[in-house]
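Have a look at the structure below, then the notes.
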Amino acid sequence: MLASFLPLGAVSGPILAGYIADRYGRKFTMMLLGFPSMAGFCILAFARIIELWYFARFLLGIGVGCYFAICPMYVAEISQNHNRAKFGCLFGVFITLGLFYPFSVGAHLIIPLYAMTCNIPLVVFLIVFGIFMPETPIFLLGKGRIQEAEAALVKLRKKKPVEVQEEISEILAAVQETQGKGGFKELLKSQQAKRALVICIGLVLIQELSGIHPVMAYLKPIFQASGTKISPDVSTVIFGMSQISSNFITALIVEKVGRRILYMVSAVGCGVACAILGTFFFLQKREVDLEGVFWLPLTCMVAYMIFFSCGLGPLAWSIVGEIFPSNVKGIGSGLTVCASFTASFAVLLTFPLISEAASMAAPFWMFTLVTILGLIFIYFMVPETRGMTLAEIQETLKKTEKTPKETPVASMESVTTYF
């Protein structure tokens, strides 16, 4: 229940946060969302009954879920075409840096001290972000605040006002292309927005159902169940380091290689690692002597994390931040995060139940099946957005809306051109 309450809280806030972000701004919303997380850590530090811990985890979930909806959006809207994916992947790098803290230090601190130290980055964020970072130019131009948007671009690009006019024009064109009131009605009316929603929800479901959160939450029990001779504490540190390094490498190469290739390689690698690990646990339950391959569980877990961090992990949120039309970006991101953490809640709750009822092999084989289905979805549904402007991404989504009815007679040449 403690593991599951965080994703349950994360389902509760993102839609409202997306509405606030579309109405009042990305920066204001991110500043506002620091407070539920700070309250959650304070309760964890001083509460003495389990029900308050459930509530604290729920509050932390609200903060996490809302940041997952708003932060990728903010990053995508302040970035440039040539570095948008790189900065989107850095979102994943800093998530893993944060996760490495409990892996390496958390186990050696008493809970009150650990919980209060987790508030330090939040306090620093509220001060630094509030003082030094502007609202996104896309939001400001969407609200007709042209002078503020120009000032924001001057600050972000370190250029003179005259040097940002071309970018202002590009952003205005993208905003006018998707001009509307926003909200659920606009999301359901716009074909580009609906396709973007299908792509984003599909990607985050693949991400969650491929097993990342159970692997992270139950890392030590998994290593203990494997019977490996390597200490669970050492294993978790190795696992955390592999996560950080692979996320960082992905951020460096994504603009050169492209999203689709990295996604497909990631899905194949994660599937193979889970299949091997499931087979290990299956043979272990059959009492096959596996002492000669005691290193295999750690190797598979590290391989899983490396491949996951090459695509399924960081790239999903990078795409969420860039693919929605600007007028429904907040609500679309909010719905995507709700789908993500609903799946996370279900997987975290059922993983230990399935493991006990069947064996540890069963969930890992299920994760393998998800990655196979995910590979098919990515191949047929996810467009390559490398180097595109936000306006060009919307044009790409428009082109994929064409149906055979619109072109009843087509030569082989025209079909080839279309694809």
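When only the Cβ of Lys, Arg, Asp and Glu is charged (+1, +1, -1, -1), the dipole of the chain relative to its Cα centre reaches about 500 debye.
Of V347, V293, the order by accessible heavy-atom surface (1.4 Å probe, DNA, RNA and ligands excluded), from most exposed downward, is V293, V347.
Entry note, the range 1-158: relative contact order of 28 percent, from Cα contacts under 8 Å with a spacing of 6+ residues. From its DSSP helices (H runs of at least four residues, each -39,500 (n - 2.57)), the chain gives a residue-normalised ellipticity at 222 nm of -25500 deg cm²/dmol. Under 5 Å between amide hydrogens, built in the peptide plane, is the criterion, and for R386 it picks out R259 among residues at least 5 positions away or on other chains.
Relative to the longest principal axis of the chain, what angle (0 to 90°, nearest 10) does the C-alpha long axis of helix 390-399 take? Between the helix axis and the principal axis of the chain, the angle is about 90 degrees.
The solvent-accessible area of C338, taken with every protein chain present and a 1.4 Å probe, is close to 20 Å². When Rg and the Kirkwood radius Rh are both evaluated on Cα atoms of the range 127-174, their ratio Rg/Rh stands at 0.98. In the context of the full set of protein chains, the chain has a per residue accessible area of 47 Å² (1.4 Å probe).
Toward the positive end of the charge dipole of the chain, with +1 on the Cβ of Lys and Arg and -1 on the Cβ of Asp and Glu, the farthest Cα among A358, Y379, L16 is that of L16. Residue order by solvent-accessible surface for H82, H108 is H108, H82, largest first, with ligands and nucleic acids left out and a 1.4 Å probe.
List the pairs from K27/K160; K155/K185; K158/K399; K160/K399; K220/K256; K86/K160 whose alpha-carbon separation is above 29 Å, in the order I gave them. Going by Cα-Cα distance, K155/K185; K158/K399; K160/K399; K220/K256 fall outside the 29 Å limit. Normalised radius of gyration (Cα atoms, divided by 2.2 N^0.38 Å) for the chain: 1.02.
Each residue of the range 101-107 was assigned a 3J(HN,Hα) from its phi angle through the Karplus expression (A = 6.51, B = -1.76, C = 1.60, θ = phi - 60°), giving 4, x, 4, 9, 10, x, 5 Hz with x at Gly and Pro. Rounded, prolate or oblate, given the Cα gyration tensor of the range 1-140, with a/c below 1.5 counting as rounded? Here the range 1-140 falls in the prolate category.
The values are calculated or read from the model by the stated rules, or taken from the named source; none is laboratory data. Predicted, not measured: the structure shown is a model, and the values here were computed from it. No Cβ is skipped: glycine too gets one built from the backbone with ideal geometry, and neighbour counts run over all protein chains shown. Accessible surface is based on the protein model in full, side chains and every heavy atom, while ligands, DNA and RNA are left aside. Shrake-Rupley method; radii C 1.70, N 1.55, O 1.52, S 1.80 Å.
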